[in-house]
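Quick note: the coordinates plus some simple rules give every number you see, no bench work behind them. Owing to the predicted nature of the structure, the values given are computational and were not obtained by experimental measurement. FYI the Cβ positions are ideal-geometry reconstructions off the backbone, even for glycines, and counts take in every protein chain you see.
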Amino acid sequence: MTQLRNIYVVRHCQAEGQAPEARLTGIGMLQAARLAESFSDHAIDCMVSSPYARARQSIAPLAERLGLEVTLDERLTERVLSGSPSPDWREKLRLTYDDMGLCYDGGESSSTAMKRAVQAVEDILNQGCRNAVLVSHGNLISLLLKYFDDRIGFKEWEALTNPDVYRLSFPIDGGSPSLLRIWPA
Ligand SMILES: O=C(O)[C@H](O)COP(=O)(O)O
């Protein structure tokens, strides 16, 4: 049987806002407890998170339960679409899945954001983790998953929930990973 290394890509639980310091809502805290419960038998040996409060709080109950340190990785922060808010931001975002190099003023292109997320995954794999949890944000997660499966795009981003979990399973002897959405559990 092919041996696999899994990276569970987790979108944070329900939060009060989108600022870096925005915290989880009461519902979000309950969701984080449920995440901890559902991952308790997954032999998690490595945890990496966006430094934003809502991401760290989403994984804190699991980290405590397993007695594992969470590594904070700036490369997992959310992609900034544009430096200024825009009423048609959804349409602008949609276009960035078709044109990966499209970069609005003060923003980051999809390809640049994808690259940093993929580097974070490569570091996890190079550390030899067998079952890792990676916590991040909606847009960045969709770009990370798109790198491994080009069918992922704007529609999949729209369908993401809080929390959400995709599993990337890498064959231990190399090759492309398989991708499976495992949340809602
Ligand atoms: O792309 C997104 O989903 C938005 O930027 C929201 O990000 P979030 O996952 O941190 O709420």
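Search region 69-83 for residues that are within 22 Å of M47 (Cβ to Cβ) and pair each with any residue that is of a type in the set (K, R) when their beta-carbon atoms are under 7 Å apart and the residues are at least 6 apart or on different chains.
Hits for this filter: V70/R56; R75/R116.
Do you know which of the residues in region 49-73 that are closer than 19 Å to S38 by Cβ and assigned to a strand (DSSP E or B) is farthest from the ligand (Cβ to nearest atom)?
Ranking the candidates gives V70 first.
Can you pull out the residues in region 1-40 that are of a type in the set (G, A, S) and in contact with a Ser or Thr (Cβ under 8 Å, 6 or more places away or on another chain)?
A15, G28, A32 - these are the residues of region 1-40 that are of a type in the set (G, A, S) and in contact with a Ser or Thr (Cβ under 8 Å, 6 or more places away or on another chain).
Kindly indicate the residue of region 141-172 that is free of Cβ contacts under 8 Å to residues at least 60 places away in the same chain and charged (D, E, K, R) and also nearest to the ligand (Cβ to nearest atom) among those meeting that condition.
E158
Would you say N162 is within 22 Å of A19 (Cα to Cα) and in contact with a Phe, Trp or Tyr (Cβ under 7 Å, 6 or more places away or on another chain)?
No, not satisfied.
What tally of residues in region 33-83 results from selecting those that are in contact with a Pro (Cβ under 7 Å, 6 or more places away or on another chain) and surrounded by fewer than 17 Cβ atoms within 10 Å (Cβ to Cβ)?
3
Return the total of residues in region 4-31 being outside any loop (DSSP other than H, G, I, E, B), buried (at least 17 other Cβ atoms within 10 Å of the Cβ) and in contact (Cβ under 8 Å) with a residue 40 or more places away in the chain.
So the count comes out to 10.
Sort out which residues of region 124-140 are in contact (Cβ under 8 Å) with a residue 60 or more places away in the chain and not small (G, A, S), and write them in order of number.
Within region 124-140, I124, L125, Q127, C129, R130, N131, V133, L134, V135, H137, N139, L140 qualify.
Does Y166 satisfy the condition of being under 23 Å from L4 (Cβ atoms) and assigned to a helix (DSSP H, G or I)?
no
Determine if region 152-172 includes at least one residue that is over 27 Å from A53 (Cβ atoms) and out of contact with any Leu (no Cβ under 9 Å at 6 or more places or on another chain).
Yes, region 152-172 has at least one match.
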